Every structure is written in C-alpha cells, then in structure tokens.
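A short worksheet on the structure shown next.
The values are calculated or read from the model by the stated rules, or taken from the named source; none is laboratory data. No experiment lies behind these values; they were computed from the predicted model shown. Ideal geometry is used to build each Cβ from the backbone, glycine not excepted, and the neighbour counts take in all protein chains shown.
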C-alpha cells in the first residue's frame, strides 16, 4: 500500500525522538532502574535506523539479526521491566526467560531455515508478555495509585505494549495464512506500523509525564 513507506519512515523518526526525549530526562532517571529504558530505546532506534550497516558488519541476514538478536533483546528487557522491577517477582521473571528460550528449540530441530522471523518463538514471547501486561493492569487497578495514573510510567508503557505486541499477535501468529491474502496482510501491516508509532510515542510520554520511582 502507498502509505507503508511513509509510515516506516515516520516510525524510524519517532524511535529517534523517543530516545532523545529519554536522554533529556537523564538527570531524573540516572539513579533509578529507568536509566536502562533510555539505553533500550537507543539500542532499538540505532538498530532499526542502521539495520543495513549492522547486518553487513556482522555478516548476517536481516531476518536472522531480528530473530536471534534484536527481538530477543526486546522480550528479555520487557520481562525484566515487568516481572522483576514492576511486579517484583523474580521467579516469574526467570520462568518467562526459560520458557522463551525453550521456544527456540522447535525452530532449531524441525525447521531447516527460518522462513519467517515472526514465528513460533515470537508467539510464545508475546503470550508471556501478554500475561505480564494483564498482571500489571490488575496491579494498577488494585493500587490507589490508579487515581494518579498519569504520573505512572508503567501506565504509558503498558498501553503501548498492549497495542503493539498483543494487537499484532494474530498477524505474526497466523503470518503464513495471512500472507496469502494480500488485502488482509496490508491492513495488518498498516496496523503494525501505526501501533508501533503509538507505542514509542507512549514510551516518550512516560518520560515526560511519568514519575520514576
């Protein structure tokens, strides 16, 4: 569709803007674990904007770079942020890490090559993240802090993660089927780009209005 290149360009710029905004609040987050969120945003923005240079440097295919490096970084970071830091559940964090790591085994054993980067392990990773999103929402609702949700950094992050990761799960989980339906694929891909843009805008908002604890 004609809007896809423009949305892709907008997404790359939004990632850069989000990382710059995060850096602008460095003085407020440098003594908290939120400083790692700043580093995370820079890693994602740098990787997506210089992906061609990175795959050339590491001599690796783009899909493998995403499947085995960038996407695992994203899931592991959010498992750490949700389970370990926000929820304070160490066992839940390690359970997510182990289950996600094990999800790579079927790919290595039963597939001769990775045809689609968003495959079985991506679905497992997203389902685990969906669980954490649900638990985080429940925590926010039960806590009196919900009355001041606009100051809660996790509120913005949770909305963004839900819109993108949970919202695009059918797209990636049923990718092989959807790929045969061009119109449906285009609609889902537009949603993928738009929700990704919104997610990073919400990440930026978490620094502007959210208060680090």
Requested in this report: From the list 40, 82, 68, pick out the single residue that is closer than 25 Å to residue 190 by Cα and surrounded by 18 or more Cβ atoms within 10 Å (Cβ to Cβ).
Outcome: 40
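Could you check how many residues of the range 128-157 are more than 21 Å from residue 203 (Cα to Cα) and either within 21 Å of the chain's Cα centre (by Cα) or at pLDDT 90 or above (or both)?
Kept after step one, since they are more than 21 Å from residue 203 (Cα to Cα), are these residues of the range 128-157: 142-144.
Those still in the list that are either within 21 Å of the chain's Cα centre (by Cα) or at pLDDT 90 or above (or both) too: none.
The qualifying residues number 0.
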Query - Some residue of the range 106-113 being surrounded by fewer than 16 Cβ atoms within 10 Å (Cβ to Cβ) and modelled with pLDDT of 90 or more - result: no
Query raised in the report: Out of all the residues in the range 163-171, is one or more more than 24 Å from residue 124 (Cβ to Cβ) and in a helix (DSSP H, G or I)?
Result: no
Query raised in the report: When residue 212 is evaluated against the numbered criteria (1) in contact with a helix residue (DSSP H, G or I) (Cβ under 8 Å, 6 or more places away or on another chain); (2) at pLDDT below 95; (3) part of a helix (DSSP H, G or I), which criterion, by number, is the only one it fails?
Result: (3)
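Can you name the residue in the range 135-149 that is surrounded by fewer than 18 Cβ atoms within 10 Å (Cβ to Cβ) and touching a helix residue (DSSP H, G or I) at 6+ places or on another chain (Cβ under 9 Å) and, of all such residues, is farthest from residue 188 (Cα to Cα)?
First, the residues of the range 135-149 that are surrounded by fewer than 18 Cβ atoms within 10 Å (Cβ to Cβ): 135, 137-149.
Narrowing the set further to residues that are touching a helix residue (DSSP H, G or I) at 6+ places or on another chain (Cβ under 9 Å) leaves 135, 137, 139-140, 145-146, 149.
Working: 135: 27, 137: 25, 139: 31, 140: 30, 145: 35, 146: 32, 149: 30 Å.
The qualifying residue farthest from residue 188 (Cα to Cα) is 145.
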